[in-house]
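Read the structure below first, then the notes.
The values are calculated or read from the model by the stated rules, or taken from the named source; none is laboratory data. All of these numbers come straight from a predicted model, not from anything done at the bench. Counting neighbours? That spans all protein chains shown, and the Cβs are built from the backbone with ideal geometry, glycine included. For the accessible areas, the whole protein counts, side chains as well, though only heavy atoms, and no ligand, DNA or RNA atoms are used. Shrake-Rupley method; radii C 1.70, N 1.55, O 1.52, S 1.80 Å.
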Amino acid sequence: NVLFCNYVVYLFTFFPFKIGEVDEDYAPIHTYQVCRVMEQNQNNWLHTNWILTEGAQRVYIELKFTLRDCNSLPGGVGTCKETFNMYYYETDEEEDRAMKESRYIKVDTIAADESFTELDLGDRVMKLNTEVRDLGPLSRKGFYLAFQDLGACIALVSVRVFYKRCPFLVKSLAEFPDTIPGSEASQLVEVVGHCINNSMPLYEPPRMHCSADGEWLVPIGKCVCKPGFEEMSGYCQVCKVGFYRSQLESSACSKCPPHSVARQTGATSCSCEDEYHKIDSDPPNMACTRPPSAPRNAISNVNETSVFLEWSIPMETGGRKDVRYNILCSRVLPDGRGLEECGPNVRFLPRRVGLSNTSVMVADLQSHTNYSFLLEAVNGVSEMAKDYTKQYVTLNVTTNQAGIVVRKGYTGKSSIGLSWAEPDRPNGIILEYEIKYFEKEQDSSYTIIKSKETEMVVEGLKASSVYIFQVRARTSAGYGAFSRRFEFQTSPYCEYTGTIQSTMASIIAVAITLALVLLAVVAGFLLSGRRCGYSKAKQDPEEEKMHFHNGHIKFPGVRTYIDPLTYEDPNQAVHEFAQEIDVSFISIERIIGAGEFGEVCCGPLRLPGKREIQVAIKTLKAGYTEQQRRDFLWEASIMGQFNHPNIIRLEGVVTKSKPVMIITEYMENGSLDTFLKKNDGQFTVIQLVGMLRGIASGMRYLSDMGYVHRDLAARNILVNSNLVCKVSDFGLSRVLEDDAEAAYTTRGGKIPIRWTAPEAIAYRKFTSASDVWSYGIVMWEVMSYGERPYWEMSNQDVIKAVEENYRLPGPMDCPEALYHLMMDCWQRERTNRPKFDEIVCLLDKLIRNPSSLKKLPHLEDNFCFCEILNIS
Ligand code: AMP
């Protein structure tokens, strides 16, 4: 890359002193020599011609010379020197010879690497030295060089002056001119290249950098052939006919894509054939396209007032992937009056136009109406194809009766309030509704309940569980189709983990209750104040929905137990909650037990239109008083309010004939205490816990309803053939009169002492918390297979022992977790006892994790009872 400028300057000889005529290669040479080594005060100058810089800012001087070794001179070296000096003088124009030495600036003192001796002279071999020095920055047009001899013996053979430059270069279709480097050694000179013919810069002009050494460095950017041209052998050649090149990024011309042509050379794009189109966003290499044909195989599926339309992609998509579908909906007017557009009330799911899937749901159509749907396929070029006749497929559809839409009301842990509107054009007067429900994904077994109203509360559901509900109406013409499925979830329970948490829960519950009572009082105050200027506008609409019943705050959708005492006429209460059954539908087959009011029998119940079921029939023996009749039917008025899988179900009552009967579902295995005694040790812990779970679930339902049982004991639990336990024996009078376990307390009331919480014994404080105490005793009964609580201890001793904080010991082989739960149920402070929902929650956990039931309690846990024994 280094180009010499051929500035080889030959100097004049002042004092010719030939020391040789040939160089190392024995070629003849001319030299300037001086050798006045024997004389004093030498100052001999030799200067060059004026040398033009040609714009170079840094020049290089290469000197070739020979120099005599002073030591080799014969007869004393005297003033002999072995160096000489090089100077320069910058000037813009050539000057005459009388140049002043004082103007010169010293470049360097030049010494020889090798000097010659007498011997060399004899051999006539020249020892040539080469030294290079650079000079700069130069700013004038030219300069002189000068050499000063101060008494050496030298011969200057050649002086070559040159500068370096970056030569003309063509790189990446860009030309870079001859470039002189900068004056500094590390300097780079940036040069912008020029794109060659039919090329253009890609993104930015191409650039290169010229170094001080004359090298091109750091290329930036490049040129590419213009559209319509392609690069070939470093030049840009035009695209041939039928070919195009549109993008700077692509290198070669491409053949026109299908259905397009390029009729001239140098095409930057191809134009579409007739009837074919392209949109701006189509890539240049994409074929020209056409609108699609009509959708195929369109079918409709009517579901009440919704229609599901489905079709296949068109035979001809027009060569495009962006096929979309539009639906035109028209209502067919009666009596051939033509069509009317569907209007905004009809819903299209996901939408009406621009559908990418081949289906759509059309909802909210009118029932029993004819509709005509036009299905059209479009693609990106449909709009451009003006002369293209649109192709449709038509679907004619007739809707059915509108379905029932079920809405969710108040949701509890075990209940969901439902409401629905009467269906549109129901085809007759609606006699009743049937509500079918089941736990999601458990549709093998479902429950059906009936309602005459358009709302109801479904009870006895599991907490945190999703249920499916469907409703259908019955008219004199029969049942309509079930509505679509509606999914609703019950509320979750708070986790029960032990006494402390339950205490906290109680505190929170008390706080919430207080807050609600306060709210109720304030609401009551405000409501009563309405007469004296209460502003309705300020009333919270939610507050209006709250109702009070029997001292309980009743939320909409939550059913609350209604005390039959609130009815003036107890017969009215019975018929409010219990269905009257015609005695002809019942057959009494055998006696299964003895109740206080008469025999308990069993037999089939055949209600018209229903399948036959086995029922228990409680009878009221002849010769009863009116009070006895009332007391007997009292239980039915209570039972009839409940609907839960763990509460004995009332089928109805027979009051219009004698004997008066209460008909309930039949429980094959009778009462739990006898059943367990009969099957001592026969069940796994999980089976026992399953029974307990059922009882707790039934009790949770009762306490949610605001009903306090007061006589919860294994003898009052009935067991069916599937080991499902159901709570039975309702009614205050029964506790007092019927229960053999009930004993008179000091305050006079008859109470089943062993099952009853201390506060209920002491001051008749019967609450769900006292039911929880009893539940703990039932747990103990179950885990000990029907053992009598506190064995043969007298009621008085039991009261005393419990009062002194002694508790029943864990039954044999009773898992620690269960005994711990029993002990929690027997907390003296009733607010510290777990709630039934917490008990269900815990039992569910234990059932799900059976290993938690493996741990048996330590012996010390029985300590408290040992104390009881001492006392007794
Ligand atoms: P009660 O008058 O409810 O205490 O009933 C007396 C006895 O009749 C109970 O102890 C049970 O053995 C039996 N019993 C009562 N109701 C039913 C029923 N629904 N299914 C089976 N047995 C029952």
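Among the residues of region 243-271, those identified as loosely packed, with under 15 Cβ neighbours inside 10 Å, in a loop (DSSP other than H, G, I, E, B) and of a type outside the set (S, T, N, Q) are GLU249, ALA252, PRO258, ARG263.
For beta carbons closer than 8 Å, sequence separation of 6+ or different chains, a first residue in region 663-682 that is within 14 Å of ARG788 (Cα to Cα) and a second that is outside any strand (DSSP E or B) and near the ligand (Cβ under 9 Å from one of its atoms), the qualifying pairs are LEU672/ARG715; ASP673/ARG715; THR674/ARG715; PHE675/ASN669. With a requirement of 3 or more residues that are within 19 Å of THR130 (Cα to Cα), the strands (runs of 3 or more DSSP E) lying completely within region 39-103 that satisfy it span 59-67, 83-91.
The set of residues in region 712-722 that are open to solvent by 10 Å² or more (accessible area, probe 1.4 Å), more than 17 Å from HIS644 (Cβ to Cβ) and in a loop (DSSP other than H, G, I, E, B) contains only SER721. Scanning region 609-624 for residues that are assigned to a strand (DSSP E or B) and either small (Gly, Ala, Ser) or open to solvent by less than 10 Å² (accessible area, probe 1.4 Å) (or both) yields a count of 3. Being open to solvent by 80 Å² or more (accessible area, probe 1.4 Å) and under 23 Å from GLU376 (Cα atoms) holds for only one residue in ILE279, ILE299, and it is ILE299. More than 24 Å from TYR701 (Cα to Cα) and modelled with pLDDT of 85 or more: does that describe THR394? Against the criterion (more than 24 Å from TYR701 (Cα to Cα) and modelled with pLDDT of 85 or more), THR394 qualifies.
Of all positions in region 625-637, none carries a residue that is in a strand (DSSP E or B), open to solvent by 10 Å² or more (accessible area, probe 1.4 Å) and within 26 Å of ASP704 (Cα to Cα). Can you pull out every residue in region 650-667 that is more than 9 Å from the ligand (Cβ to nearest atom), open to solvent by 10 Å² or more (accessible area, probe 1.4 Å) and in a loop (DSSP other than H, G, I, E, B)? Answer for region 650-667, where residues must be more than 9 Å from the ligand (Cβ to nearest atom), open to solvent by 10 Å² or more (accessible area, probe 1.4 Å) and in a loop (DSSP other than H, G, I, E, B): THR655, LYS656, SER657, LYS658, PRO659.
Within region 166-187, the residues that satisfy the criterion of being crowded, with 18+ Cβ neighbours inside 10 Å and under 18 Å from PRO219 (Cβ atoms) are CYS166, SER172, LEU173, ALA174, PHE176, THR179, PRO181.
One line per residue, one yes/no per condition, for (1) open to solvent by 70 Å² or more (accessible area, probe 1.4 Å); (2) of a type outside the set (Phe, Trp, Tyr); (3) in contact with a strand residue (DSSP E or B) (Cβ under 8 Å, 6 or more places away or on another chain); (4) over 30 Å from LYS462 (Cα atoms):
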{"position": "ASN326", "(1), (2), (3), (4)": "no, yes, yes, yes"}
{"position": "SER367", "(1), (2), (3), (4)": "no, yes, no, yes"}
{"position": "GLY380", "(1), (2), (3), (4)": "no, yes, yes, yes"}
{"position": "THR389", "(1), (2), (3), (4)": "yes, yes, no, yes"}
{"position": "LEU395", "(1), (2), (3), (4)": "no, yes, yes, yes"}
{"position": "GLU422", "(1), (2), (3), (4)": "yes, yes, yes, no"}
{"position": "TYR433", "(1), (2), (3), (4)": "no, no, yes, no"}
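Quick one: is PRO344 surrounded by fewer than 16 Cβ atoms within 10 Å (Cβ to Cβ) and more than 40 Å from the chain's Cα centre (by Cα)? Considered against the rule, which asks whether it is surrounded by fewer than 16 Cβ atoms within 10 Å (Cβ to Cβ) and more than 40 Å from the chain's Cα centre (by Cα), PRO344 comes out as no. For region 559-582, residues that are in a loop (DSSP other than H, G, I, E, B) and either over 18 Å from SER451 (Cα atoms) or of a type in the set (A, V, I, L, M) (or both) total 9. Criterion first (free of Cβ contacts under 8 Å to residues at least 24 places away in the same chain and within 16 Å of the ligand (Cβ to nearest atom)) does ASN722 satisfy it? Judged against the criteria, ASN722 is a match. Would you confirm whether any residue within region 408-419 is surrounded by 15 or more Cβ atoms within 10 Å (Cβ to Cβ), in contact (Cβ under 8 Å) with a residue 24 or more places away in the chain and over 37 Å from the mean Cα position of the chain (by Cα)? There is no residue in region 408-419 that is surrounded by 15 or more Cβ atoms within 10 Å (Cβ to Cβ), in contact (Cβ under 8 Å) with a residue 24 or more places away in the chain and over 37 Å from the mean Cα position of the chain (by Cα). For region 45-66, the count of residues that are of a type in the set (D, E, K, R), farther than 30 Å from LYS141 by Cα and either open to solvent by 60 Å² or more (accessible area, probe 1.4 Å) or at pLDDT 90 or above (or both) is zero.
Comparison of ASP680, ASP673 shows that the only residue that is open to solvent by 10 Å² or more (accessible area, probe 1.4 Å) and within 15 Å of the ligand (Cβ to nearest atom) is ASP673. Here ASN297 meets the list (1) without any contact (Cβ under 8 Å) to a residue 40 or more places away in the chain; (2) assigned to a loop (DSSP other than H, G, I, E, B) almost entirely, failing just condition (2). If I ask for residues that are under 49 Å from the mean Cα position of the chain (by Cα), of a type outside the set (Val, Ile, Thr) and either buried (at least 20 other Cβ atoms within 10 Å of the Cβ) or on the phi < 0 side of the Ramachandran plot (or both), which ones from region 204-224 would you list? Those that are under 49 Å from the mean Cα position of the chain (by Cα), of a type outside the set (Val, Ile, Thr) and either buried (at least 20 other Cβ atoms within 10 Å of the Cβ) or on the phi < 0 side of the Ramachandran plot (or both): GLU204, PRO205, PRO206, PRO219, LYS222, CYS223.
Considering (1) out of contact with any Cys (no Cβ under 9 Å at 6 or more places or on another chain); (2) within 17 Å of PRO811 (Cβ to Cβ); (3) open to solvent by less than 20 Å² (accessible area, probe 1.4 Å), the lone condition that LEU692 does not fulfil carries the number (1).
Only residues that are in contact (Cβ under 8 Å) with a residue 40 or more places away in the chain, more than 8 Å from the ligand (Cβ to nearest atom) and part of a loop (DSSP other than H, G, I, E, B) were counted across region 585-600, and they come to 1. Check region 809-816 and report whether any residue there is open to solvent by less than 10 Å² (accessible area, probe 1.4 Å), without any contact (Cβ under 8 Å) to a residue 60 or more places away in the chain and among the small types (Gly, Ala, Ser). Scanning region 809-816, I find no residue that is open to solvent by less than 10 Å² (accessible area, probe 1.4 Å), without any contact (Cβ under 8 Å) to a residue 60 or more places away in the chain and among the small types (Gly, Ala, Ser), so the answer is no. Among residues of region 628-644 being more than 17 Å from ILE449 (Cα to Cα) and touching a residue at least 60 places away in the same chain (Cβ under 8 Å), the one that is nearest to the ligand (Cβ to nearest atom) is GLU635. The set of residues from region 311-324 being open to solvent by less than 80 Å² (accessible area, probe 1.4 Å) and either within 32 Å of the chain's Cα centre (by Cα) or within 17 Å of VAL393 (Cβ to Cβ) (or both) comprises TRP311, SER312, PRO314, GLU316, THR317, GLY318, ASP322, VAL323.
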